[in-house]
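J.: Handing you this structure, nothing more for now.
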Amino acid sequence: EYNGHYDAKMFHPLIATAAEIGDILDVKLRPGAVHTAEGGLDFILDIVREAKQKICQVAAVRIDAGFPDDETLTGLEKEGVQYVARIKSNSVLQKLAEPYLIRPRGRPPLEGRTWTVEMDYKAADWVKSRRVVLVITENPGEMFLDYFFMVSNWTEDEKPAADLLDHYRQRGTAEGIFGELMDAIAPAL
(Lines give C-alpha, C1' and ligand atoms only; values in the text may rest on other atoms or scores of the structure.)
Protein backbone atom coordinates (compact mmCIF):
# COMPACT_ATOMS: atom_id res chain seq x y z
CA GLU A 1 0.00 0.00 0.00
CA TYR A 2 1.02 3.63 -0.41
CA ASN A 3 3.04 5.11 2.45
CA GLY A 4 3.04 8.92 2.50
CA HIS A 5 6.18 9.17 4.64
CA TYR A 6 8.24 7.24 2.10
CA ASP A 7 6.18 8.49 -0.88
CA ALA A 8 6.06 4.97 -2.25
CA LYS A 9 3.86 1.92 -2.60
CA MET A 10 5.53 -0.62 -0.33
CA PHE A 11 5.41 -3.19 2.42
CA HIS A 12 6.19 -1.92 5.93
CA PRO A 13 7.99 -4.92 7.47
CA LEU A 14 8.73 -5.66 11.10
CA ILE A 15 12.19 -7.18 11.47
CA ALA A 16 13.83 -8.54 14.61
CA THR A 17 17.47 -9.52 14.81
CA ALA A 18 19.90 -10.70 17.43
CA ALA A 19 22.12 -7.75 16.61
CA GLU A 20 25.21 -9.06 18.38
CA ILE A 21 25.40 -12.14 16.15
CA GLY A 22 23.53 -10.90 13.08
CA ASP A 23 20.82 -13.56 13.04
CA ILE A 24 17.36 -12.60 11.87
CA LEU A 25 14.85 -13.80 14.46
CA ASP A 26 11.64 -12.97 12.61
CA VAL A 27 10.19 -10.91 9.78
CA LYS A 28 6.58 -9.90 9.30
CA LEU A 29 5.38 -8.18 6.15
CA ARG A 30 2.68 -5.60 6.70
CA PRO A 31 0.83 -3.31 4.29
CA GLY A 32 2.73 -0.10 3.58
CA ALA A 33 0.09 2.20 5.07
CA VAL A 34 0.37 0.97 8.67
CA HIS A 35 2.03 3.00 11.44
CA THR A 36 5.54 1.86 12.34
CA ALA A 37 4.47 0.57 15.78
CA GLU A 38 1.31 -1.23 14.64
CA GLY A 39 1.51 -4.84 15.78
CA GLY A 40 4.95 -4.21 17.23
CA LEU A 41 4.19 -5.16 20.82
CA ASP A 42 2.83 -8.62 20.00
CA PHE A 43 5.67 -9.16 17.50
CA ILE A 44 8.30 -8.24 20.11
CA LEU A 45 6.71 -10.19 22.98
CA ASP A 46 6.34 -13.38 20.90
CA ILE A 47 10.03 -13.24 20.02
CA VAL A 48 11.13 -12.47 23.60
CA ARG A 49 9.04 -15.34 25.00
CA GLU A 50 10.45 -17.79 22.44
CA ALA A 51 14.00 -16.53 23.02
CA LYS A 52 13.63 -17.01 26.77
CA GLN A 53 12.41 -20.58 26.21
CA LYS A 54 15.00 -21.61 23.64
CA ILE A 55 18.02 -19.30 23.67
CA CYS A 56 18.58 -17.28 26.83
CA GLN A 57 17.26 -16.61 30.31
CA VAL A 58 17.14 -12.84 30.00
CA ALA A 59 16.21 -10.93 26.90
CA ALA A 60 16.36 -7.18 26.42
CA VAL A 61 15.27 -5.22 23.40
CA ARG A 62 16.54 -2.20 21.52
CA ILE A 63 13.85 -0.56 19.46
CA ASP A 64 13.72 2.17 16.84
CA ALA A 65 12.21 5.60 17.36
CA GLY A 66 8.91 4.67 15.71
CA PHE A 67 8.00 2.16 18.43
CA PRO A 68 8.06 3.78 21.89
CA ASP A 69 4.36 4.56 22.19
CA ASP A 70 2.72 3.96 25.56
CA GLU A 71 1.13 0.65 24.52
CA THR A 72 4.50 -0.84 23.57
CA LEU A 73 6.45 0.51 26.56
CA THR A 74 3.75 -0.44 29.07
CA GLY A 75 3.40 -3.89 27.51
CA LEU A 76 7.14 -4.52 27.74
CA GLU A 77 7.19 -3.30 31.35
CA LYS A 78 4.26 -5.58 32.32
CA GLU A 79 6.15 -8.54 30.84
CA GLY A 80 9.34 -7.59 32.70
CA VAL A 81 11.26 -6.98 29.48
CA GLN A 82 14.13 -4.49 29.71
CA TYR A 83 14.28 -2.03 26.84
CA VAL A 84 16.06 0.98 25.43
CA ALA A 85 14.62 2.96 22.55
CA ARG A 86 15.47 6.13 20.76
CA ILE A 87 12.61 8.62 20.92
CA LYS A 88 11.75 11.31 18.46
CA SER A 89 12.57 14.84 19.49
CA ASN A 90 9.77 17.31 20.04
CA SER A 91 9.42 20.83 21.40
CA VAL A 92 9.08 19.66 25.03
CA LEU A 93 12.21 17.51 24.84
CA GLN A 94 14.11 20.27 23.05
CA LYS A 95 13.20 22.70 25.84
CA LEU A 96 14.39 20.18 28.45
CA ALA A 97 17.65 19.73 26.55
CA GLU A 98 18.34 23.43 26.00
CA PRO A 99 20.25 24.13 29.26
CA TYR A 100 22.63 21.24 28.51
CA LEU A 101 23.46 22.14 24.91
CA ILE A 102 26.50 24.18 25.83
CA ARG A 103 30.00 23.28 24.75
CA PRO A 104 32.42 22.52 27.57
CA ARG A 105 35.01 25.21 28.22
CA GLY A 106 38.40 24.99 26.61
CA ARG A 107 39.68 24.22 23.17
CA PRO A 108 37.54 22.05 20.92
CA PRO A 109 38.65 18.43 21.00
CA LEU A 110 40.63 16.82 18.20
CA GLU A 111 38.31 13.82 18.52
CA GLY A 112 34.59 13.81 19.17
CA ARG A 113 33.24 13.61 22.68
CA THR A 114 29.89 12.50 24.06
CA TRP A 115 28.16 13.15 27.36
CA THR A 116 24.77 12.26 28.79
CA VAL A 117 22.13 13.86 30.98
CA GLU A 118 19.51 11.94 32.98
CA MET A 119 15.92 13.21 32.81
CA ASP A 120 12.39 12.24 33.72
CA TYR A 121 9.92 12.78 30.91
CA LYS A 122 6.26 12.03 30.32
CA ALA A 123 5.16 12.16 26.70
CA ALA A 124 1.62 13.32 26.10
CA ASP A 125 0.45 9.79 25.26
CA TRP A 126 2.35 8.00 28.05
CA VAL A 127 0.50 7.07 31.23
CA LYS A 128 3.56 7.78 33.38
CA SER A 129 6.91 9.49 33.48
CA ARG A 130 9.89 7.44 32.32
CA ARG A 131 13.67 7.61 32.42
CA VAL A 132 15.00 9.51 29.43
CA VAL A 133 18.68 10.02 28.66
CA LEU A 134 19.80 13.00 26.62
CA VAL A 135 22.88 12.08 24.56
CA ILE A 136 25.00 15.03 23.38
CA THR A 137 27.86 14.69 20.93
CA GLU A 138 30.46 17.28 19.99
CA ASN A 139 32.16 16.55 16.68
CA PRO A 140 35.40 18.29 15.61
CA GLY A 141 34.83 21.03 13.07
CA GLU A 142 31.06 21.13 13.62
CA MET A 143 29.47 24.36 14.76
CA PHE A 144 26.49 22.78 16.50
CA LEU A 145 26.21 19.92 18.97
CA ASP A 146 24.35 16.78 17.91
CA TYR A 147 21.88 15.31 20.37
CA PHE A 148 19.15 12.70 20.70
CA PHE A 149 17.05 11.05 23.39
CA MET A 150 16.67 7.47 24.63
CA VAL A 151 13.99 6.03 26.90
CA SER A 152 14.57 2.98 29.07
CA ASN A 153 13.06 1.04 31.94
CA TRP A 154 16.48 0.19 33.36
CA THR A 155 17.17 2.32 36.40
CA GLU A 156 20.30 4.45 36.54
CA ASP A 157 21.75 2.03 39.12
CA GLU A 158 21.04 -1.00 36.92
CA LYS A 159 22.51 0.56 33.77
CA PRO A 160 24.21 3.97 34.01
CA ALA A 161 23.69 6.31 31.06
CA ALA A 162 27.06 5.55 29.43
CA ASP A 163 26.37 1.80 29.59
CA LEU A 164 22.85 2.34 28.27
CA LEU A 165 24.25 4.28 25.31
CA ASP A 166 26.83 1.55 24.61
CA HIS A 167 24.05 -1.05 24.73
CA TYR A 168 21.86 0.98 22.36
CA ARG A 169 24.70 1.53 19.91
CA GLN A 170 25.24 -2.22 19.61
CA ARG A 171 22.08 -2.32 17.49
CA GLY A 172 24.07 -0.71 14.70
CA THR A 173 25.04 -4.11 13.33
CA ALA A 174 21.36 -4.73 12.63
CA GLU A 175 21.25 -1.87 10.11
CA GLY A 176 23.64 -3.69 7.78
CA ILE A 177 21.59 -6.86 8.11
CA PHE A 178 18.41 -4.96 7.19
CA GLY A 179 20.10 -3.53 4.12
CA GLU A 180 21.30 -6.94 2.96
CA LEU A 181 17.88 -8.45 3.58
CA MET A 182 16.10 -5.72 1.63
CA ASP A 183 18.56 -6.08 -1.27
CA ALA A 184 17.89 -9.81 -1.34
CA ILE A 185 14.09 -9.69 -1.20
CA ALA A 186 13.41 -6.44 -3.09
CA PRO A 187 13.20 -8.16 -6.52
CA ALA A 188 10.62 -10.62 -5.14
CA LEU A 189 8.54 -7.87 -3.57
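J.: Could you tell me how far the Cα centroid of segment 71-143 sits from the Cα centroid of segment 1-63, in Å?
T.: The distance from the Cα centre of segment 1-63 to that of segment 71-143 comes to 23 Å.
J.: While we're on this one: Leaving ligands, DNA and RNA out of it, rank 5, 35 by accessible area with a 1.4 Å probe, largest first.
T.: In descending accessible area the options line up as 5, 35.
J.: Now for a separate question. How about residue 52: which lysines have a C-alpha closer than 23 Å to its C-alpha, ignoring those fewer than 8 places off in the same chain?
T.: 28, 78, 159
J.: Considering Cα pairs under 8 angstrom that are at least six residues apart, work out the relative contact order of segment 33-147 and quote it in whole percent.
T.: 18 percent
J.: On to the next question. When you count, for each residue, the other Cβ atoms within 10 Å and take the mean per peptide, how do 137-149, 42-54, 73-85 rank with the highest first?
T.: Packing proxy ranking, top to bottom: 73-85, 42-54, 137-149.
J.: How about segment 83-187: which trypsin sites (Lys or Arg not before Pro) there lie in a loop by DSSP and see at most 13 other Cβ atoms within 10 Å?
T.: Those satisfying the criteria are 88, 105, 122, 128.
J.: Still on this structure, please answer the following. Subtract the Cα-Cα distance of residue 56 and residue 9 from 0.36 nm times their separation in residues, and report this length gain in nm to one decimal.
T.: Answer, rounded to one decimal: 13.1 nm.
J.: So if I place +1 on the C-beta of Lys and Arg and -1 on the C-beta of Asp and Glu, and nothing else carries charge, what would the dipole magnitude of segment 62-128 be about its Cα centre? I want it in debye, nearest 20.
T.: My answer is approximately 540 debye.
J.: Can you pull out the chymotrypsin sites (Phe, Trp or Tyr not before Pro) in segment 1-31 whose DSSP state is coil and whose Cβ has at most 12 other Cβ atoms within 10 Å?
T.: Counting only loop positions with at most 12 other Cβ atoms within 10 Å, the chymotrypsin sites (Phe, Trp or Tyr not before Pro) in segment 1-31 are 6.
J.: Which residues' amide hydrogens lie under 5 Å from the amide hydrogen of residue 26, considering only partners 5 or more residues apart or on another chain, with H built in the peptide plane?
T.: 16
J.: What is the sum of charges around residue 142, taking Lys and Arg as +1, Asp and Glu as -1, for the other residues whose C-beta is under 13 Å from the C-beta of residue 142?
T.: So the surrounding residues net to -1.
J.: Moving on. Using label points projected 7 Å from each Cα along Cα→Cβ, tell me how many nm separate residue 94 and residue 142, to one decimal.
T.: Reported label-point gap for residue 94 and residue 142 is 1.7 nm.
The values are calculated or read from the model by the stated rules, or taken from the named source; none is laboratory data. Quick caveat: nothing in here was measured; it's all calculated off a predicted structure. Ideal geometry is used to build each Cβ from the backbone, glycine not excepted, and the neighbour counts take in all protein chains shown. What goes into the accessible areas is simple: the full protein's heavy atoms, side chains included, and nothing from ligands, DNA or RNA. Shrake-Rupley method; radii C 1.70, N 1.55, O 1.52, S 1.80 Å.
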